[in-house]
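Chemist: Following this message is one structure expressed as structure tokens.
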Amino acid sequence: MGHIIAVSGKGGVGKTTLCGLLIQYLCASGRGPVLAVDADANSNLNEVLGVEVGKTLGELREEIERAGSDPRYTIPAGMTKAVYLESRLSDAITEEDDYDLMVMGRSQGQGCYCFVNGLVQTQVQKLQNYYPYIVVDNEAGMEHISRGILPAMEIMLLVSDCSRRGVQAAGRIAALVKEMNFHPQKMGLIVNRAPGGKLDEGTMEEVRNQGLELLGVVPQDETVYQYDCQGRPTIQLPEDSPVRKALQEIIGGLGLA
């Protein structure tokens, strides 16, 4: 079965950027094909990877839900909505050379994301045997953890910026993982956007207070900001990028097979 790596943290800490570079690293080191899962309703992992997304799981759900009431969407005669949805799920996977990308997306209008969340869980479980690694970019916060979307994850990477609030948010996610009786083989903290690649004592104190294992520190790099402003995929960062180098060192310490 494929190894599931989940990436989580509060909003705006750069977890999607690191997630994209992690996917690229796995592919470049011969660990592909990788299934990249954007499990965020407000999805943008594809922008980091530089690929266009076809259908999302949320869009497929909406098409099938509206079939019968909207003439644009029809279900073949004699086929139930559930069976038709099952036949269409492969449409939500964008295929690239070394990885495939599955995007959760969002439901339209009012309502919760319970059904689409369930689709993510079902698809990850179904596809786990076909990929050596599955990398899941979780939405900001704790909902995916509390819903039990990824009970089989082997590695949980908690991402924070240098703020104490970010580290505290990572600590709450770690506590919830334990509360839900998930047992990842490895769970630790990556602190992103650190000036000079170093943490001040206040941040380190909070890391210790939260009882988190610090896997590594990724330095602040103006190039990442520039790429984002220019709409350039982050995975095109130069090989000597300090962000890329720091993350490669962190990944190397995870003991991936």
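The values are calculated or read from the model by the stated rules, or taken from the named source; none is laboratory data. Owing to the predicted nature of the structure, the values given are computational and were not obtained by experimental measurement. All Cβ positions, even for glycine, are placed from backbone atoms using ideal geometry, and neighbour counts span all protein chains on display. The area values use the complete protein model at the heavy-atom level, side chains included, leaving out ligands, DNA and RNA. Shrake-Rupley method; radii C 1.70, N 1.55, O 1.52, S 1.80 Å.
Chemist: For the chain, what is the number of Lys pairs with C-alpha distance below 22 angstrom, counting only pairs 8 or more positions apart or on separate chains?
Modeler: 13
Chemist: Rounded to the nearest 10 Å², what accessible area does Phe115 show when all protein chains are kept and the probe is 1.4 Å?
Modeler: 100 Å²
Chemist: Subtract the Cα-Cα distance of Thr122 and Lys81 from 0.36 nm times their separation in residues, and report this length gain in nm to one decimal.
Modeler: Values: separation 41, 0.36 × 41 = 14.76 nm, distance 1.64 nm.
Full extension from Thr122 to Lys81 adds 13.1 nm.
Chemist: Let me ask something else. Assuming R0 = 30 Å, what is the FRET efficiency of Glu249 and Glu95, from their Cβ-Cβ distance, to the nearest 0.05? Walk me through the numbers on the way to the answer.
Modeler: Working: r = 30 Å, r/R0 = 1.01.
The calculated FRET efficiency here is 0.50.
Chemist: Moving to a separate point now. Name the shape class, rounded, prolate or oblate, that the alpha-carbon gyration tensor gives for segment 117-257, where a ≥ b ≥ c are the square roots of its eigenvalues, rounded holds for a/c under 1.5, and otherwise prolate holds if a/b is larger than b/c and oblate otherwise. Intermediate results must be reported in sequence, preceding the final value.
Modeler: Working: a/c = 1.80, a/b = 1.24, b/c = 1.45.
Oblate.
Chemist: Sort His3, His183 by accessible area with a 1.4 Å probe, largest first.
Modeler: Values: His3 60, His183 150 Å².
Correct descending sequence by accessible area is His183, His3.
Chemist: Which translational diffusion coefficient, to the nearest whole µm²/s, is obtained for the chain from the Stokes-Einstein equation, given a Kirkwood hydrodynamic radius over C-alpha pairs, 25 °C and 0.890 mPa s? If you can, show how the numbers build up before the last one.
Modeler: Working: Rh = 19.0 Å.
Value of D from the Cα-based Kirkwood radius: 129 µm²/s.
Chemist: What are the extents of the Cα atoms of segment 1-110 along their three principal axes, in Å, largest first?
Modeler: 47, 30, 24 Å, listed from the longest principal axis down.
Chemist: Please list 87-93, 23-29, 169-175 highest first by mean number of surrounding beta-carbon atoms within 10 Å per residue. All intermediate terms of the calculation are to be shown ahead of the outcome.
Modeler: On the way: 87-93: 16.3, 23-29: 19.3, 169-175: 21.4.
Top of the packing list down: 169-175, 23-29, 87-93.
Chemist: Compute the distance in nm between two label points, each set 7 Å from the Cα along the Cα-to-Cβ direction, one at Arg208 and one at Cys229.
Modeler: Simple spin-label model gives 3.8 nm for this pair.
Chemist: Among Asp98, Asp161, Asp240, determine the one that fluctuates most according to a GNM of the chain built with springs between C-alpha atoms less than 10 Å apart.
Modeler: Of the options given, Asp240 has the highest mean-square fluctuation.
Chemist: Moving on to the next point. Within the chain, which complete DSSP H helices have Cα atoms spanning at least 18 Å along the helix axis and a mean Kyte-Doolittle hydropathy of 1.6 or higher? Please list the in-between numbers first.
Modeler: Details: long enough: 15-28 (19 Å, 1.14); 114-127 (20 Å, 0.46); 164-179 (22 Å, -0.08).
Length and hydropathy pass: none found.
Chemist: May I ask what percent, to the nearest 5, of DSSP beta bridges between residues of the chain are antiparallel? Could the numbers behind the result be given before it?
Modeler: Numbers: 3 of 34 bridges.
Among the beta bridges of the chain, antiparallel pairing accounts for roughly 10 percent.
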